[in-house]
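Scroll down for the structure; my scribbles are underneath it.
The values are calculated or read from the model by the stated rules, or taken from the named source; none is laboratory data. As the structure is a prediction and not an experimental result, all values here were calculated from the model. Here the Cβ positions follow ideal geometry from the backbone for every residue, glycine too, while neighbour counts run over all protein chains shown. Protein only, heavy atoms only, side chains kept; ligands, DNA and RNA dropped before computing areas. Shrake-Rupley method; radii C 1.70, N 1.55, O 1.52, S 1.80 Å.
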Amino acid sequence: TAPTDDLIYIFGIDTGYNDADAIAVLGYSYATNKVYLVEEVVEYKQDWTDLTNYIKRLQDKYKPVKIVIDPASGGKKYGEDITKRYQINVEIAEKSRKHEFIELLNDDLRTGTFLALPQSRFQHDCGLVMWDYNTSGKREISDSFHTDIGDAVLYAWRACNHFIKRELVAAKADKNTQAYMDALEAKEAEAMER
């Protein structure tokens, strides 16, 4: 069960129409150094207004420090539009090195550092997504099954800083400020460099 008092929330959003829109609400904790899948939404055939209204409701509930979105064919234009029109600040999802980050997320799942909701769509989909090795031995994600919520979780998880020890976070930092997030990202970059 996720703690309720000290979680820092990040949303990951994967958009689609024939594929689903998926929103993953992750919360991470410096007290436990864990990430929790707190809520997930998977909806088909929504337009941008429907999706934006869902985001706003979740934003009011969780007050995320970051919202990371893969707007698919809407691209950066949708990111700019949602910011201007609805005052929702989003970052476009970083999709480079996807295979490496899937392995790191898998490691967090194996070690219990990432905890998903029991009987969640994410948990279900994890059992269906597979690696596929082509004739040259190169590993790819099999196209036999696609998981929208899996992508949404990955986008949000990449933005979590759960691995930073509590003492590295400034004691009086307000977790809802850009300065706070900048300090965390600097520490993350330093840790990755080491």
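Can you find, within region 69-88, the residue that is most open to solvent (accessible area, probe 1.4 Å) among those that are among the aliphatic types (A, V, I, L, M) and under 15 Å from Ile149 (Cα atoms)?
Within region 69-88, the first condition is being among the aliphatic types (A, V, I, L, M), and the residues that meet it are 69, 72, 82, 88.
Those left that are additionally under 15 Å from Ile149 (Cα atoms): 69, 72.
Numbers: Ile69: 0, Ala72: 58 Å².
Filtering region 69-88 for residues that are among the aliphatic types (A, V, I, L, M) and under 15 Å from Ile149 (Cα atoms), the one most open to solvent (accessible area, probe 1.4 Å) comes out as Ala72.
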Response to the item:
Selection from region 3-52 of residues under 19 Å from Ile88 (Cβ atoms), surrounded by fewer than 19 Cβ atoms within 10 Å (Cβ to Cβ) and among the aromatic types (Phe, Trp, Tyr) yields Trp48
